[in-house]
Amino acid sequence: MVVVFVLAALLVVGVLVTANWYVWRRLFRDTTRAPGPVRRIGAAVIAGGWVLTVGALVAERAGAPFWLQRALAWPGFLWLALSLYLLLAVVAGEIVRPLLRRYLERRAAARQARATTGAETGVEPSASPAAADERIPAGTAPPQTSDAPDTPQTSDAPQTSDTPDTPKAPDTPKAPDTPESPDTPSSRTTDTTEGADGSDAGAASPLARPSRRLFVSRVVAGAAAAAAVGTVGHGTYGVLSGPKVKRVTVPLARLPRAAHGFRIAVVSDIHLGPVLGRGFAQQVVDTINSTQPDLVAVVGDLVDGSVKDLGPAAAPLSQLKARHGAYFVTGNHEYFSGAEQWVAEVRRLGLLPLENARTELPHFDLAGVNDVAGEDEGQGPDYARALGDRDRSRACVLLAHQPVQIHDAVDHGVDLQLSGHTHGGQLWPGNLIAGAANPTVAGLERYGDTQLYVSRGAGAWGPPTRVGAPSDITVIELASRKA
C-alpha cells in the first residue's frame, strides 16, 4: 500500500513538473531569442507560485496561525486557478499556432510574388500603372542613350576648342566621392536573412526581425496569458460579488395540499476561511433573508478552520430568519475543522443541528444525517436512527451533504434529498471530475421514487474563483400533487 502511494505521488509530481515546464517554455522560452532575465523571471514566477500554493494548503490543514493562512491563501490559491487556465490556454494555442504561421507564410509569398513581377516589368510593385507610361513633356529634349547613333554637328559656328583667341574655361573641380544614393542598385539589395523557421525572412516577409516563428510565439503567448488572467479575474469577481438566487419547484407525491408552496432556502459550501470571511457570510445571510423562506437548510461545508479563528466570521448566521427555523448538517470540511465544536457553535448562533436526527414539521418530516467523512471519527451517517421509525405516509425531506448518500435515501423511502459538496465542478473542466465521482453534479434528478437536488454552493474552496459553475442559493418550492 505504501509503495502504491509513493508511486502515485511520484506520478502526480511528474505530471505537475512536466505541465509547468511546458507552460514556461511556451510563455517565456519560445518568446525570447536567447537565455536571459525574462526566462529566469518566468521560472521564478512559476516556481514561486507553486511554493505559495503548497504553503497555503499546508498552513490551512496544519492549523497554522490564522494571519499566516490569510497571507498565503490569496496569492497561493489564485495561482492554483491561474496555472490551470494558463495550461489550458497554451494547449489551445497549439491549434492557433500553425494556422497563424500559415497565414503569415501565404502573406509573405504574395508579397514576394508582387516584388518579382515588379522586377520583371521594371515597375515598382507599389507604383501606379500610370507611372510606367510617363510621357516626356513637350519642348523637352529626350536624353541621349548609348544606343543612339552619333549625329554630326550642324552648327556653322567655329568650335571653341580651335579658336585660339577664346580663353579656355577653367576645369570644373571634380566632385568628391559621395555615398551611394538610395536609388543605386546596391542600396536596393534585399535583406535575405533566413528566419528561424528556415524561410526567407527578408524583404519578402513583413516579419524579418523577429522571425515569423518568434512573432507567432509571442502572439499566442500573449493571448494565452490574457485569456487566463481574464478568466480567473471574472470567476473571482463572480464569487466575491455573492451567490445568486435560484428557484426550483419540486413536486412531492405525499405532500399535503396545505404545504403546497412551502419554501426551503438551501445553502451549501459557504467555506468561510482565510479568504472568505465575515463580509461574505453577511452577503449570504442577507441574500437568504431576502427570499423570505419558510425554512433554511445549511447542508454542510460551512467552514475551513477552527471556531477560534472563524467564530467571528460565522457570527452573521445568527441573523437568519425563517418561519420554521434554520437547520444544519455537517459536511466533510467540518471534520477537518473540529466538527463537535462547530456543531456547538452553530447551535449557539440559533441554527438547529440535525446529527442523524429528524424533526416533524406540520406537514412533512425533515431529517438530517452526518457526512460520510465522520465515519473516521465514529460520527458517520446513521440512517436507521434518523429515518428508521418514521411514519412513511408522510413526505420526508433529507439533508445530506454528499450526493453519493442518495442510495441510502432511496432505501429508506425519502422523497427529496438536499445536498451540496460538488460545487458544480467550480473550475471548468472540474465538472467532468465531479461527474465521475458523484451521481449528480448539480440540479434536480430522480432516483426511483426519490428526488435529489444538488446545489452548486454559495462559496468556493481553495481559489475564490468559479468558472462555468456560478454560485447559488436555491429556493426549493415544494408542490403538492394533490393541489
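In sequence order, what are the phi-derived ³J(HN,Hα) couplings for the range 253-258 according to the Karplus relation 6.51 cos²θ - 1.76 cosθ + 1.60 with θ = phi - 60°, rounded to whole Hz, with x for glycine and proline?
5, 9, 6, x, 4, 5
Please arrange THR291, THR450, THR249 by counting, for each residue, the other beta carbons lying within 10 Å of its beta carbon, fewest first.
THR249, THR291, THR450
Let me check the size of the range 255-349 from its C-alpha atoms; what are the radius of gyration and Dmax in Å?
Just the Cα atoms of the range 255-349 yield Rg and Dmax of 13.7, 46 Å.
Considering the options LEU310, SER337, TYR453, tell which one lies farthest towards the positive end of the dipole of the range 243-480, charges being +1 on Lys and Arg and -1 on Asp and Glu at the Cβ, about the Cα centre.
Positive-end residue among those listed: TYR453.
So how do VAL475, VAL17, VAL454 line up by other beta-carbon neighbours within 10 Å, fewest first?
In increasing order of surrounding Cβ atoms, one gets VAL17, VAL475, VAL454.
Which distance in nm do the two modelled labels at ALA62 and GLN319 give, with both placed 7 Å along the Cα-to-Cβ direction?
Between ALA62 and GLN319, the label points sit 3.6 nm apart.
List the residues whose amide H sits under 5 Å from the amide H of ASP365, counting only those 5 or more places along or on another chain, with H placed 1.01 Å from N in the peptide plane.
Distant-sequence amide H within range of ASP365: ALA395, CYS396, VAL397.
Projecting each Cα onto the charge dipole of the range 243-480 (Lys/Arg +1, Asp/Glu -1 at the beta carbon, about the Cα centre), which of ALA400, THR465, HIS412 comes out farthest on the positive side?
THR465
Rg/Rh for the range 375-483 to two decimals, with Rh computed the Kirkwood way over all alpha-carbon pairs.
1.01
Across the range 322-327, in residue order, what do the Karplus-derived ³J(HN,Hα) couplings come to in whole Hz, using 6.51 cos²θ - 1.76 cosθ + 1.60 with θ = phi - 60° and x for Gly and Pro?
Per residue, the Karplus-derived 3J(HN,Hα) values read 7, 4, 10, x, 10, 10 Hz.
For q values of 0.14, 0.18 Å⁻¹, compute log₁₀ I(q)/I(0) with the Debye formula on a Cα-only model of the range 1-103, without solvent.
The Cα Debye sum returns log10 ratios of -0.71, -0.99.
State the volume of the convex hull built on the alpha-carbon positions of the range 324-424, expressed per residue in Å³ and rounded to an integer.
104
Whole-Hz Karplus ³J(HN,Hα) for the range 100-116, in order, using 6.51 cos²θ - 1.76 cosθ + 1.60 and θ = phi - 60°, x for Gly and Pro?
Those phi angles translate into 5, 5, 5, 4, 5, 5, 5, 5, 5, 5, 5, 5, 5, 5, 5, 5, 5 Hz.
Please order ARG33, ARG97 by the number of other Cβ within 10 Å, starting at the fewest.
Starting with the residue having the fewest Cβ neighbours, the order is ARG33, ARG97.
On the principal axes of its Cα set, how long, how wide and how thick is the range 243-480? Give whole Å, largest value first.
Principal extents (Cα only, largest first): 46, 39, 38 Å.
Every read-out reported here was derived from the displayed coordinates using simple, explicitly stated rules and does not represent laboratory data. Only a predicted model underlies this, so the values are computations on that prediction, with no experimental measurement involved. Counting neighbours? That spans all protein chains shown, and the Cβs are built from the backbone with ideal geometry, glycine included.
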